[in-house]
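Just below is one structure, and these are the notes that go with it.
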Amino acid sequence: MSSITCYGGVGEIGGNKVLVEDSGTRIFLDFGQSFTHLDDYFVEYLQPRLRFGLRDYFALDLMPKLKGLYNSWAVDKTDIDHCGPQYHAVFLSHPHYDHIAHIRYLDQRIPIYMGETARTILRSVNDTGRAQWFYEKDGVARDGSVIPANDVRIFRTGESIDTGSIEVLPVHVDHSVPGAYGFVVNTGSGAVAYTGDIRRHGNRPEMTRDFIDRAKQAGPKVLVVEGTRVAPEEKRKDFSEAEVHEKGKEIVESNGFVMAMRYPKDLDRFRTFYQIAKETGRKLVISLKTAHMLQALREDKALALPQPFEDSSLEVYKREMKVYKVWEVPMLDKCVDYKWVKQNQDSIIWEQDFYTLTELIDVKPGKGACIHSMSEPFEEDPMSQLQDEILQNWLGRFGIGHHQLHASGHASMDEIFEIVEEIGADKVVPVHTQHPELFTMENAVKTEAGKPIEV
Ligand SMILES: [Zn+2]
């Protein structure tokens, strides 16, 4: 008998951890962090005590307390024993934190599978960010203790990976980060399909179509489906990527100074702004972090991303700092600075980040447009409301108009229900949604965290 158990993503957006068990083989699909539950207990400097590994997470039910899953660093200061691994693999659908963030706690002998592009993106983030998302060599925790290296493995779409009695077929999907997959998982009792995060209004709807076809062909017993946008009413404006292009271009054409904000790993949006810059005879000015990621993805032929310092429509911006990071140094003499941006402010699109808004003080635009190409603030999240207020203050101060223009990474409620109907599984398990109750189809299963569902 086979079963699936959701240890996260139940009644919440993100935190997916789906255990599939079959005749003694146990694999996880995704291993992300629940932001909703973490935010119930922690804010600003009130944070879990990392020196105690997972002790605080277990005490507050923020992580499943399972034996044979975590590394010794994670459990030595808790009341579960560290023993040999009793789980056989973890498959990551895509490199967003709510699907991957807890892999660093896994027993290092458990293989972690991901797409090659996902690995490259995470390597770049590991190099340039503050946190380390996985370790390819032994790492050192803040308290000086050693975090063992992970066993990271790569898959491609359509490949079959056998782990014990379970076979996993990753199939590419379109989402707001490249290297995103859904899975068709074959067990002794039948197939389980898992969407990961999925959409049909991006630039590559045919990839999502491939997943739906493969899932349908498998005649799945269970479909584990995301429902981010399944809600009583859709309050946010959402556009397709093509509409973001078209409307973004209009904004650029009718303004002098233009700044643009997007999620760092959303490379479709990067490409959209890059195209708009080319079509309007402007240069897209990117950050050092974006330049690092583009260089890391240079060999990715499918993505075919333009390269900084080679492409005449790209410039890389360096902030004036006392000390630069080691990875930044090789790029510095080819970068532009605030004086250049100030001089050329009407012939660029300047990618900016919330945390570097202070650069506006040196550039002093006076008027112009900010294309906010990210989600609107979440009503239920006071931090995102506050950030929005602060952003508006900055823009107001410099006479910059705010333009909300975003294409979500997720399919709409209607599209999700169409996908569910088309795949036609015996049981439907909604995850990654705040409204599982809106999955009213007869075969929808009321999911509870930690409670097995028979396949
Ligand atoms: Zn995602």
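Laboratory data are not the source of any read-out in this text; all were calculated from the coordinates shown. For clarity, every value in this text was computed on a predicted model and none was experimentally measured. Cβ: placed from backbone, ideal geometry, glycine included. Neighbour counts: every protein chain shown.
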In whole angstrom, the spacing between the Cα centers of segment 156-194 and segment 3-33 equals 14 Å
What's the center-to-center distance, using Cα atoms, between segment 326-355 and segment 419-450 in Å?
46 Å
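As an exercise, use a Förster radius of 51 Å and the Cβ-Cβ distance of Val336 and Gln217 to find the FRET efficiency, rounded to the nearest 0.05.
0.50
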FRET efficiency for Phe35 and Ser165 from the Cβ-Cβ distance with R0 = 22 Å, rounded to 0.05, comes out at 0.05
Any idea which of Gly196, Ser240, Thr358 is furthest toward the positive side of the dipole for the chain, if Lys and Arg beta-carbons carry +1 and Asp and Glu beta-carbons -1?
Thr358
Simple label model, 7 Å out from Cα along Cβ direction - Tyr263 to Ser384, nm:
1.0 nm
With label points set 7 Å from each Cα along the Cα-to-Cβ direction at Trp327 and Asp143, the distance between them in nm comes to 2.7 nm
Determine the distance separating the Cα centre of segment 113-154 from the Cα centre of segment 48-87; give it in Å without decimals.
19 Å
Would you mind giving the average projected area, over all directions, of the Cα convex hull of the chain in nm² with one decimal?
21.0 nm²
Over the Cα atoms, compute the radius of gyration (one decimal) and Dmax (the largest Cα-Cα distance, rounded to a whole number) for segment 289-414, in Å.
16.9, 52
